[in-house]
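Quick notes on the structure that follows.
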Amino acid sequence: EAGRELLSASDVSRTIARIAHQIIEKTALDAGEPGNPRVVLLGIPTRGTSLAARLTDKIEEFSGVRPALGSLDITLYRDDLRTRPHRPLERTSVPEGGIEDALVVLIDDVLFSGRTVRSALDGLRDLGRPRAVQLAVLIDRGHRELPIRADYVGKNVPTSRAEDISVLLTEHDGRDGVYLRQE
Ligand code: 5GP
Ligand code: MG
């Protein structure tokens, strides 16, 4: 049982397209414009990686500039590694050219306590020194435990802790959609 629909498949597409436009606007990503920072999209596995890939395609489609694409596994940087059940390591892949002096946009599906993003920032520190780091998420469900916010939000969804957001993406689940479920 999927739960209450928050975003339909076409809502998901529209939302990704909107965030792509916002990233272009906020990063002034214009073809051939000198002085613009290199933009690097880094997806947080697993669904953040697919969202980052889709955003890369959209940004190229809308601006003519294809940002660099990579992924950042944060498993090793979590502050609850010892208390959480073992999870296999995901892929970290840094795009050619690295992240030095780049504008890095971290991409994840759901923002909750903010601990994953904090871990991602720790992970970035080992890869280089970006000019700036931004955050894009499909869903912000609240309940932050750290002073972290997203620069781009697909949809703000106030949730209770007992609820859970189910993010379906074609790459993983055969179709797109976002649902709110009671635990
Ligand atoms: P945080 O670290 O901010 O507490 O949680 C964010 C991370 O956990 C993200 O990588 C996200 O994928 C996952 N997450 C947290 N809450 C939810 C949720 O309600 N639904 C889904 N699909 N993922 C969540
Ligand atoms: Mg995740």
Residues that are in a strand (DSSP E or B) and surrounded by fewer than 17 Cβ atoms within 10 Å (Cβ to Cβ), drawn from segment 118-143: Ala132
Positions within segment 149-169 being within 15 Å of ligand 2 (Cβ to nearest atom) and either β-branched (Val, Ile, Thr) or touching a Pro at 6+ places or on another chain (Cβ under 6 Å) (or both), in sequence order: Ile165, Val167
Those residues of segment 97-120 which are charged (D, E, K, R) and within 12 Å of ligand 2 (Cβ to nearest atom), in sequence order: Asp108, Asp109, Arg115
Candidate set: segment 27-41, residues that are away from ligand 1 (no atom under 16 Å from the Cβ) and surrounded by 14 or more Cβ atoms within 10 Å (Cβ to Cβ); chosen: the one modelled with the lowest pLDDT: Leu29
Residue satisfying all of: in segment 42-68; among the polar types (S, T, N, Q) and more than 16 Å from ligand 1 (Cβ to nearest atom); farthest from Thr92 (Cα to Cα) among these: Ser63
Pair list, Cβ under 6 Å, 6 or more apart: segment 120-131 residue farther than 14 Å from Asp101 by Cα, other residue surrounded by 14 or more Cβ atoms within 10 Å (Cβ to Cβ) and of a type outside the set (A, V, I, L, M): Asp122/Tyr77; Gly123/Tyr77
Residue check for Val110: closer than 26 Å to Gly177 by Cβ, of a type in the set (A, V, I, L, M), in a helix (DSSP H, G or I) and at pLDDT 95 or above: no
Residue count, segment 106-132 (criterion: within 15 Å of ligand 1 (Cβ to nearest atom) and at positive phi): 1
Residue under evaluation Arg144, criteria (1) in contact (Cβ under 8 Å) with a residue 24 or more places away in the chain; (2) touching a Leu at 6+ places or on another chain (Cβ under 7 Å), criterion not met: (2)
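The values are calculated or read from the model by the stated rules, or taken from the named source; none is laboratory data. In this text the structure is predicted, and so the values were computed from the model without any measurement. All Cβ positions, glycine included, derive from the backbone under ideal geometry; neighbour counts span all protein chains shown.
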